[in-house]
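Have a look at the structure below, then the notes.
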Amino acid sequence: MGIDAQRRCRDGHKDVFDALRRSGLVSGTPMLRRNPIRTVNLLTTLLLVSAVAGAAMPAQTPAPRPHKTMHPKRMERQQVEVLEHQWEQAMLADDVPTMDKLLSDDYLGVTTAGALVTKSQQLDRMRNRQIMVTKLQTTESRIKLIGHIAIVTSLAEVQAQADGKQVEGSFRYTRVYQRLQNGSWRITSFEATRVQPGYRLGQRPDGEPGSGG
């Protein structure tokens, strides 16, 4: 072996043992030492990339909450309340087409004078201006549901002209709705009763407790 070869061999062994002392390992295998500054820069780069990627992703839309199913009876009451409002507006505006849709074909009504009228007669009275309502305010409305029937009672303050006579005062209205096979409601019966002066709900005019019926 030449002098140069022997020198390179000694230098190689020296590098190995120097690496051993620096690594602190008992093995003679040299270990590379990590640069802390490079590690910090790498972590910073990864965090920035993750932040940019998260901002680029579209925001997830939260799943819609399931709608609560309305109770059938409550839904039917709301339907009848809407029809009650339509009836009041039709009476005030002499709206014959709307009244035609609201009344059933076998409708029977009892007027404040006690006259019995059919659907066609009621529509004719409106067309011929035999009845003209200028004020109709209802309160104390109650809806009773029995199968396909809805019974509505209410207290109404009325000002109107009926058959050439002035009609004014408080009246108890009773309307009966019938639900058809297609799910729509029609007014099948109506009756109006004048409330005597001084009468209050559940009390006789003389002030004695009544039956409330």
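Every read-out reported here was derived from the displayed coordinates using simple, explicitly stated rules and does not represent laboratory data. Just so it is clear, the structure is predicted and the values come from calculations on it, not from any experiment. As a convention, Cβ positions derive from the backbone with ideal geometry for all residues, glycine included, and neighbour counts pool all protein chains shown.
By how many nm would the segment from Q161 to T139 grow when fully extended, if each residue of separation counts as 0.36 nm and the alpha-carbon distance is taken off? Before the final figure, lay out the partial values.
On the way: separation 22, 0.36 × 22 = 7.92 nm, distance 2.13 nm.
Answer, rounded to one decimal: 5.8 nm.
Among the listed pairs K73/K119; K101/K144; K135/K165, those whose Cα-Cα separation exceeds 26 Å are K73/K119. Sorting the segments 134-141, 93-100 by their mean number of nearby beta carbons within 10 angstrom, highest to lowest, gives 93-100, 134-141.
Projecting label points 7 angstrom from Cα along Cα→Cβ for K101 and I151 puts them 2.9 nm apart. Here r is the Cβ-Cβ distance between L180 and H85 and R0 is 22 Å; the resulting FRET efficiency, rounded to 0.05, is 0.65.
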